[in-house]
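S.K.: What follows is a structure written as structure tokens; I'll ask about it next.
The values are calculated or read from the model by the stated rules, or taken from the named source; none is laboratory data. Keep in mind the model is a prediction, meaning the values are calculated, not measured. So basically every Cβ, Gly included, is an ideal-geometry build from the backbone, and we count neighbours across all protein chains shown.
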Amino acid sequence: MTSAARSEAPASAQAFDTLSTLLHTRYSCRAFRPTPLPRATIEQVLATAQRTASWCNAQPWQVHIASGGTLERLRAAFAAAAPTAPTTPDLPWPREYRGVYQERRRECGWGLYEALGIAKGDREASARQAAQNFTMFGAPHVAIVTSDEALGVYGAVDCGAYVGNFMLAAHSLGLGSIAQAALASYPGVLREVLGIGADRSIVCGISFGMADPDHPANHFRTTRADPAASVVWRD
Ligand SMILES: Cc1cc2nc3c(=O)[nH]c(=O)nc-3n(C[C@H](O)[C@H](O)[C@H](O)COP(=O)(O)O)c2cc1C
């Protein structure tokens, strides 16, 4: 286990501005340049994300990073499985998006389709775009994030925080990334190609690399609800 020197919080306006800017400018990248990243850059991202807080400091995340030939094998295996095979995620999909959650889900889908010139109701074109998930949107790397199966929901919560920090660290280095629950659709494919055991729950993937800034899929941005909509104050 790596021990870190005791560090004090950098309580400064500059630290807040930096973090705030990163959070406001990060977006999910859905088109990448194929050029692989230097290993040292990926290690910087991993070292930063490793600082994620977790229950009991268990740090249940493990990441399999597929690049090069392994990534090509993964793409080929997904092409053979998706989209016809039934999905069998290790962690249950959301049961239902209801009310405001359904509205936000639609809004973000339509935003993407509008950027891509896909008309509302064009199921064929939207299915084609969804299938891009299984090409990792052309990224040179994908990190498959797994949790210890015995840690259940809270292991997945810890991994979710890790995913957020991974993406933020990547963004701080000028990289594009996207979390992909879609990649958890076919755990058998991931287990076979990457050698992931049954003791690991597959949480999601993160495709990452240099963004293709010219691709229209990277030209739309999602909004957020007013924070007040997510807070209940009780004094
Ligand atoms: C856990 C998680 C899973 C996601 N899975 C997918 C996915 O399978 N495919 C996809 O295109 N986007 C996926 N996304 C990206 C979200 O759609 C995106 O984060 C959200 O719309 C907000 O947009 P932003 O990331 O650009 O701010 C996922 C995001 C998270 C956090």
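S.K.: Which pairs turn up if I take residues in segment 96-107 that are closer than 13 Å to R224 by Cβ and look for partners that are surrounded by fewer than 11 Cβ atoms within 10 Å (Cβ to Cβ) and of a type in the set (G, A, S) with beta carbon separation below 9 Å, at least 6 apart in sequence or on another chain?
M.R.: Hits for this filter: V100/A225; V100/A229; R104/A225.
S.K.: Let me ask you something else. Anything in segment 196-208 that is more than 20 Å from A130 (Cβ to Cβ) and in contact (Cβ under 8 Å) with a residue 24 or more places away in the chain? List them, or say none. Break it down stepwise before answering.
M.R.: Pass one, segment 196-208, residues more than 20 Å from A130 (Cβ to Cβ): 196-201.
The answer is I196, A198, D199, R200, S201.
S.K.: Quick one: L183 ticks every box in (1) within 20 Å of T87 (Cα to Cα); (2) in contact with a His (Cβ under 7 Å, 6 or more places away or on another chain) except a single one, so which number is it?
M.R.: (2)
S.K.: Filter segment 55-88 for residues that are outside any helix (DSSP H, G or I) and over 22 Å from G197 (Cα atoms); which is modelled with the highest pLDDT?
M.R.: Pass one, segment 55-88, residues outside any helix (DSSP H, G or I): 58-67, 82-88.
From what's left, over 22 Å from G197 (Cα atoms): 83-84.
On the way: P83: 69, T84: 78.
Only one residue tops the list, namely T84.
S.K.: Look at L116 and say whether it is surrounded by 16 or more Cβ atoms within 10 Å (Cβ to Cβ), closer than 16 Å to P216 by Cα and within 11 Å of the ligand (Cβ to nearest atom). Talk me through it step by step, then tell me what you get.
M.R.: Details: surrounded by 16 or more Cβ atoms within 10 Å (Cβ to Cβ): yes; closer than 16 Å to P216 by Cα: yes; within 11 Å of the ligand (Cβ to nearest atom): no.
It is false that L116 is surrounded by 16 or more Cβ atoms within 10 Å (Cβ to Cβ), closer than 16 Å to P216 by Cα and within 11 Å of the ligand (Cβ to nearest atom).
S.K.: Would you confirm whether or not segment 143-153 contains a residue that is more than 11 Å from the ligand (Cβ to nearest atom) and touching a Cys at 6+ places or on another chain (Cβ under 7 Å)? Spell out how you get there, then give the answer.
M.R.: Here is the first cut: in segment 143-153, the residues more than 11 Å from the ligand (Cβ to nearest atom) are 143-144, 146-153.
So of that shortlist, the ones also touching a Cys at 6+ places or on another chain (Cβ under 7 Å) come out as 147.
Within segment 143-153 (the criterion being more than 11 Å from the ligand (Cβ to nearest atom) and touching a Cys at 6+ places or on another chain (Cβ under 7 Å)), the answer is yes, since at least one residue qualifies.
S.K.: OK, next. Being of a type in the set (K, R) and more than 18 Å from the chain's Cα centre (by Cα) is the filter here, so list the residues in segment 52-103 that pass it.
M.R.: Taking segment 52-103 first, the residues of a type in the set (K, R) are 73, 75, 95, 98.
Passing the criteria: R73, R95, R98.
S.K.: Among (1) at pLDDT 95 or above; (2) in contact with a helix residue (DSSP H, G or I) (Cβ under 8 Å, 6 or more places away or on another chain); (3) surrounded by 10 or more Cβ atoms within 10 Å (Cβ to Cβ), where does R105 come up short?
M.R.: Condition not satisfied by R105: (2).
S.K.: Next up: Among (1) more than 9 Å from the ligand (Cβ to nearest atom); (2) closer than 19 Å to A66 by Cα; (3) in contact (Cβ under 8 Å) with a residue 24 or more places away in the chain, which single condition is S185 missing?
M.R.: Exception for S185: condition (1).
S.K.: Show the residue pairs that are 6+ apart or on different chains and have beta-carbon atoms under 7 Å apart, the first residue being within segment 111-125 and farther than 19 Å from C29 by Cβ, the second being more than 13 Å from the ligand (Cβ to nearest atom) and aliphatic (A, V, I, L, M).
M.R.: Partner pairs satisfying both residue conditions: A125/I118.
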